[in-house]
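The values are calculated or read from the model by the stated rules, or taken from the named source; none is laboratory data. Please read all numbers here as calculations on a predicted model, not as lab measurements. Counting neighbours? That spans all protein chains shown, and the Cβs are built from the backbone with ideal geometry, glycine included.
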Amino acid sequence: MSRSLPARFAITALALLGAAACGGGGSSGSSPKQARPTSAKLVPVADCEALDAYLVDAGVERFVRQWEMGSYGVPLPTVAPGALPPDVATAGEALDDGVAPPPRDVTSTNVQEAGVDEPDLVKTDGSTLFVVRDNVLHVVKAWPADETQRLARVELTGSGGELFLVGSRLVVLTSIYEGGWGPSEPGLPVPTMEDGSATFAPPELPGDTAWSEPFQATHVTVFDVSEPSAPSVERAFDIEGYRIGARLVDGIVYLVSMHEPGYGDQQLFDELAALNLPQAWNLGERQRATAVEDVRRLVRPVIASYVARAGRARFLPDLRDEAGTHTDVLDCAEVYRPERAADLSLVTLLAFDPASDAAPTGEGVIASGWHVYASRTSLYLAQDSRWWWWSDDELRYAETHVHQFDLGAGHPTYAASGKVPGWVLSSFSMSDHDGHLRVATTDATWNAWSWGVLPGGEGVVAAPAETLVPLQTAEVPPPDANNVFVLDRVDTDLVIVGALRGLAPGEQIRAVRFLGDTGYVVTFLQTDPLFTIDISVPTAPTVLGELHITGFSTYLHPLAPDHLIGVGREATDTGRVLGLQLQLFDVANLASPIRTHQELVGTGGSWSWSEAEHDPRAFTFRDSDGVLALPVTLEEAGELREDYRHFSGLIVYRVTPLGGFEELGRVSHAAMAHDTWCEPGGAGDPGLGLPCDDGFAAWFASMRRSVFFDDVLYAISDVGLTVSTLGALDQPLVTLPLD
């Protein structure tokens, strides 16, 4: 047999242990019950032998699931590997600090929880801005404002950079991907049927090129920025896996990543292909039900042999140091698994002190989770059933598993797990307060987003925990609606102690904010109910009031002491979604919330959008005087071509309970984009051959972030940075391209 991969059947080996493809939909015909967890509870892996046994069980079940569905993984494209560590190139001479007093009021990253920092594109210490754009770190002297200039430019390894600033150390998180196919990428294999059996022609690879193990990781670089004009690399390392979140608490960085190992073992491919298994799509319903047990029995010894040979090493994510040395980032005993074999992705929560040379430490959970929320004492990982490859028709309704880690002493420790019906929207759907975890979810039938109301009742129902029945076993299922649950930790279980069920049947949650003992939930189908919820008695969360208006909010921000700012979209009475809007809600009387002000951003004939709708870090609000800077993109079209207008920049408002939204001005980087992207004289853009006036160039000037130093606004876009005062936002003191 050729050493080349025997095409798609052999590629199934990549999927069986968690490669690129995950089975999401059902298959035609009936299928036997798949192994899936009956609870969210996790158990520790005792030792490496126990981990091997789990990998065999889960590998067999995943292979069988993929075989039944006729769904296979595909190779990922080659990406050139990055170099370790990055070189530092300074631009300009070190500048004097000046004699101006430091700013008194400096904004920082807009975070969900006070004292829990989140990574962002911009960080500041009150005099220097650190900005990451593409794969470049820019260090900018920002005070005094009129002396703003770049101090250093640092080429980074990887892409998608985010920053933490910890004293005089800057932590840069980027993503890298190395490996895949060899020097050139072949086309996908093409199936060829021979003698009625399902065999496939191998891909044509150049020379001896074969599949190489891909390495996807978070690249961590710690810079000493005590001298901003000459940042120096203190340490750099890679954590294998896809970064799904990070937090900074009390000087410790907590990095959450998910490792879905791909396997390029030729012997495994050959042994699986030699089984000559029939393809599921060639079998009838009854034949498939009979064949599945034969498939399970035949592949088990092959997978067991592979795990014994190399599987565990590829399952445990690597820590790669600056010398290129790979070591397992976790010991086998630091891994937790479901009670039943059900998943083959490993989520790791690792902690490291930027001021120390010690290696990251932490624990791992065999799960697939995408939502990360953290308080000062705990970090929570939410894994919802949209990402479960093992789901089948038995799991008719959605549910979410939540895993809690304690953050004591800078070493994350697995603490407890629980589950709730429905899916969470984002990290804002969770809140840890006074020892209680609050979780807001939306119900949905499996594999459907119909949001229709099922038989079983309407309206809001407050149900004590002891009356709750798991949705997939309920005789009379509740309607698809929205819920708020309160969970308490009992030993290693997160137990539902209070539940509010049936909010807005048939609608979806669009925004959640928990503030103290009060929860605010926005749902939408045709109109926007803003629910105010009393959670002061955890065992009996209660709806106090609701407000029905057109449109919806996707982000809610407190305006002390008794108002909320909403960022979202307007809609018609029939639910047709329109453009961007800002709203101000008076929630002083929780039983009767009212909207006091509405700001429609753009005219009736325009399209408008803001990054802050879905990323609160783009929402810059100065609490001291209610000044808001919001990145906005506007498209205004008229009957004639010359009526077209494009704006991409910041709109700055003063927000007060009485006055609502008062626009103070706008900042655009269109002119800077023109100078950066267009040929001299504006004759045309360098690559597209289109007219390159300021309106067209504005497409390249998307505004990303903003920072206030007193009454000075620093606007950061995809092309550069401007410095303006609140009194003259359209007349920048400094314009600084960031190339």
For the stretch 616-637, check the following and say yes or no: at least one residue is at pLDDT 80 or above, assigned to a loop (DSSP other than H, G, I, E, B), surrounded by 14 or more Cβ atoms within 10 Å (Cβ to Cβ) and out of contact with any Asp or Glu (no Cβ under 7 Å at 6 or more places or on another chain). yes
Just to be sure I understand, how many residues within the stretch 650-660 are more than 17 Å from THR725 (Cβ to Cβ) and surrounded by fewer than 21 Cβ atoms within 10 Å (Cβ to Cβ)? 5
Could you run through the stretch 565-580 and say how many residues are more than 22 Å from GLY519 (Cα to Cα) and not charged (D, E, K, R)? 8
Give the number of residues within the stretch 32-50 that are under 28 Å from the mean Cα position of the chain (by Cα) and either modelled with pLDDT under 85 or of a type in the set (A, V, I, L, M, F, W, C) (or both). 10
Which of the following residues is touching a Phe, Trp or Tyr at 6+ places or on another chain (Cβ under 7 Å), among the β-branched types (Val, Ile, Thr) and under 29 Å from THR400 (Cα atoms): VAL365, VAL335, VAL372? VAL365
Any strands (runs of 3 or more DSSP E) falling wholly within the stretch 369-481 and containing at least 3 residues that are at pLDDT below 90: 461-464
Residues being surrounded by 23 or more Cβ atoms within 10 Å (Cβ to Cβ) and not in a loop (DSSP other than H, G, I, E, B) - total across the stretch 140-150: 1
State the number of residues belonging to the stretch 547-587 that are assigned to a loop (DSSP other than H, G, I, E, B) and either in contact with a strand residue (DSSP E or B) (Cβ under 8 Å, 6 or more places away or on another chain) or crowded, with 19+ Cβ neighbours inside 10 Å (or both). 6
Residues within the stretch 501-546 that are out of contact with any helix residue (DSSP H, G or I) (no Cβ under 9 Å at 6 or more places or on another chain), among the β-branched types (Val, Ile, Thr) and in a loop (DSSP other than H, G, I, E, B), tallied: 2
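Each row is one residue, and each column tells you yes or no for (1) modelled with pLDDT of 95 or more; (2) in contact with a Ser or Thr (Cβ under 6 Å, 6 or more places away or on another chain).
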{"position": "VAL64", "(1), (2)": "no, no"}
{"position": "TRP67", "(1), (2)": "no, no"}
{"position": "VAL79", "(1), (2)": "no, no"}
{"position": "GLY82", "(1), (2)": "no, yes"}
{"position": "ASP87", "(1), (2)": "no, no"}
{"position": "ASP96", "(1), (2)": "no, no"}
{"position": "VAL106", "(1), (2)": "yes, no"}
{"position": "LEU129", "(1), (2)": "yes, no"}
Criterion: touching a helix residue (DSSP H, G or I) at 6+ places or on another chain (Cβ under 7 Å), under 24 Å from GLY579 (Cβ atoms) and either loosely packed, with under 15 Cβ neighbours inside 10 Å or modelled with pLDDT of 85 or more (or both) - qualifying residue of ALA670, ALA715, ALA697, ALA701: ALA670
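Here's the yes/no breakdown for (1) of a type in the set (D, E, K, R); (2) outside the structural domain of LEU630 (by TED's automatic domain parsing):
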{"residue": "SER553", "(1), (2)": "no, yes"}
{"residue": "VAL577", "(1), (2)": "no, yes"}
{"residue": "ASP615", "(1), (2)": "yes, no"}
{"residue": "ALA618", "(1), (2)": "no, no"}
Examine the stretch 170-182 for a residue that is modelled with pLDDT under 95 and assigned to a loop (DSSP other than H, G, I, E, B), and state whether such a residue exists. yes
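A quick yes/no check of all residues on (1) at pLDDT 95 or above; (2) surrounded by fewer than 23 Cβ atoms within 10 Å (Cβ to Cβ); (3) not β-branched (Val, Ile, Thr):
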site	(1), (2), (3)
PHE223	yes, no, yes
ALA230	yes, yes, yes
VAL249	yes, yes, no
LEU255	yes, no, yes
TYR263	no, yes, yes
ASP270	no, yes, yes
PRO301	no, yes, yes
Would you be able to say whether some residue in the stretch 327-342 is under 24 Å from ASP493 (Cβ atoms), at pLDDT below 90 and surrounded by fewer than 22 Cβ atoms within 10 Å (Cβ to Cβ)? yes
By residue number, the members of the stretch 707-731 that are touching an Asp or Glu at 6+ places or on another chain (Cβ under 9 Å), small (Gly, Ala, Ser) and assigned to a strand (DSSP E or B) are GLY720, SER724
